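One structure below.
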Amino acid sequence: MYFKLLSVLMVVAHYLFLTPPTNAQTPIQDALDATLVILSDDVDQSFLGSGFVWDDQWALSNAHVVGDAAFVLVKTRKGELLRAKVHERDAKRDIALLWLPISLEGLKPAQLTLAIGTEVASIGAPLATEFSVTRGIISAEPRQIDASVPQRMLQHDAAINPGSSG
């Protein structure tokens with residue numbers, strides 16, 4: 001259950017905080033374009049999880065996805081492999097900030113109001129199935145789960161599996 005709650009912030013932000021499409025793509029297609037598959041930065045290039053572009057040269061993932069790594073590989077939907085620096089991580093809030101070596105312009109967050117019943121999507125790489133989408137709704141108001149961690153969580157019912165993190 002804690003895994004799902006920690007993933008909620010990333011999942012909802014991933015789908016809902018992207019700018020509206022400026023072309024014929026749907027918001028889901030734009031969100032898929034902003035999705036990144038996170039791999040280990042070694043010979044094996046092992047699957048670690050997912051993340052998403054936050055701003056031109058920045059991406060977000062979960063701290064448990066990147067672990068103690070200084071660098072990870074990120075794979076774009078177009079198949080590009082980029083070596084990203086793990087710039088910051090907050091294990092308590094389970095968030096990792098990644099710096100990308102090139103600008104991925106046009107995939108910036110937008111502020112939206114979320115309410116119970118708002119349709120959301122979980123986009124990522126569950127069970128290493130890259131760039132997949134499930135949908136659900138916000139089922140509870142944002143609330144703080146742990147008094148020692150000032151972070152409000154959204155509850156949703158979109159399917160999440162290992163690999164959805166990020």
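The values are calculated or read from the model by the stated rules, or taken from the named source; none is laboratory data. Being a predicted model, the structure only gives us computed values, none of them experimental. Glycine gets a Cβ as well: all are built from the backbone with ideal geometry, and neighbour counts include every protein chain shown. Protein only, heavy atoms only, side chains kept; ligands, DNA and RNA dropped before computing areas. Shrake-Rupley method; radii C 1.70, N 1.55, O 1.52, S 1.80 Å.
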## Note on the structure
Picked from the stretch 85-95 (must be of a type in the set (A, V, I, L, M, F, W, C) and in contact with a Ser or Thr (Cβ under 9 Å, 6 or more places away or on another chain)), the residue modelled with the lowest pLDDT is I95
### Query
Do we have any residue at all in the stretch 35-49 that's modelled with pLDDT of 90 or more, closer than 15 Å to L104 by Cα and among the small types (G, A, S)?
no
### Summary
For the stretch 50-88 the number of residues that are farther than 16 Å from G163 by Cα and under 13 Å from the mean Cα position of the chain (by Cα) is 5
### Task
Go through the stretch 132-166 residue by residue and tally those that are out of contact with any His (no Cβ under 7 Å at 6 or more places or on another chain), open to solvent by less than 40 Å² (accessible area, probe 1.4 Å) and either among the β-branched types (V, I, T) or in a loop (DSSP other than H, G, I, E, B) (or both).
7
### Query
Can we say A115 is of a type in the set (G, A, S) and modelled with pLDDT of 95 or more?
no
